[in-house]
Amino acid sequence: MRYIIPLTEILLTDIASVGGKNSSLGEMVNKLTKLGIKVPGGFAITADAFRYFLSENNLTEKIKKTIDELDAAQLDQLEETGSLIRNWIRRAEFPADLEQEIRDSYHADEAEYGPSYAVA
């Protein structure tokens, strides 16, 4: 499993692992750079990284169970459940290895694009 993928390695066909925006950015980097158009690089954090984050915080089954018990027709319950799950995620800790991999990727790009380059 890959948790971080440079945009230079991403195509539209990678939408399932990096999402629509990142796959579009990767496609632009790969196609436009070949035409001599400068497109800033970067990296994507994958869906596998998010699943790893959830698993390491024991949230995968907890979230599944909470959603399975949800009556989506009850708007109040839907709002409460969404808020509860978001709070679990916000309070969760990044696994040290994943955090380091993200930092390493950021610093590699920072070396190429300058200090404190903009990221999204």
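The values are calculated or read from the model by the stated rules, or taken from the named source; none is laboratory data. Computed from a predicted structure; not experimentally measured. Counting neighbours? That spans all protein chains shown, and the Cβs are built from the backbone with ideal geometry, glycine included. SASA here: full protein model, heavy atoms, side chains in, ligands and nucleic acids out. Shrake-Rupley method; radii C 1.70, N 1.55, O 1.52, S 1.80 Å.
Some notes on this structure:
- Residues that are of a type in the set (S, T, N, Q) and open to solvent by 80 Å² or more (accessible area, probe 1.4 Å), drawn from segment 104-116: SER116
- Output for segment 20-38, where each listed residue is open to solvent by 30 Å² or more (accessible area, probe 1.4 Å) and closer than 18 Å to ALA120 by Cα: GLY20, LYS21, ASN22, SER24, LEU25, GLU27, MET28
To keep it simple, each residue is scored yes or no on (1) closer than 27 Å to ILE10 by Cβ; (2) hydrophobic (A, V, I, L, M, F, W, C).
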| site | (1), (2) |
| --- | --- |
| SER55 | yes, no |
| ALA72 | no, yes |
| LEU78 | no, yes |
| ASN87 | no, no |
| SER105 | yes, no |
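- Those residues of segment 69-78 which are modelled with pLDDT of 90 or more and open to solvent by 100 Å² or more (accessible area, probe 1.4 Å), in sequence order: GLU69
- Any hit, segment 31-43, residues being modelled with pLDDT of 90 or more and under 18 Å from ASP97 (Cβ atoms): yes
Each row is one residue, and each column tells you yes or no for (1) in contact with a Phe, Trp or Tyr (Cβ under 9 Å, 6 or more places away or on another chain); (2) open to solvent by 90 Å² or more (accessible area, probe 1.4 Å); (3) of a type in the set (Asp, Glu).
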site	(1), (2), (3)
ALA49	yes, no, no
LYS64	no, yes, no
GLY82	no, no, no
ARG86	no, yes, no
ARG90	no, yes, no
PRO95	yes, no, no
LEU98	yes, no, no
ILE102	yes, no, no
ALA118	no, yes, no
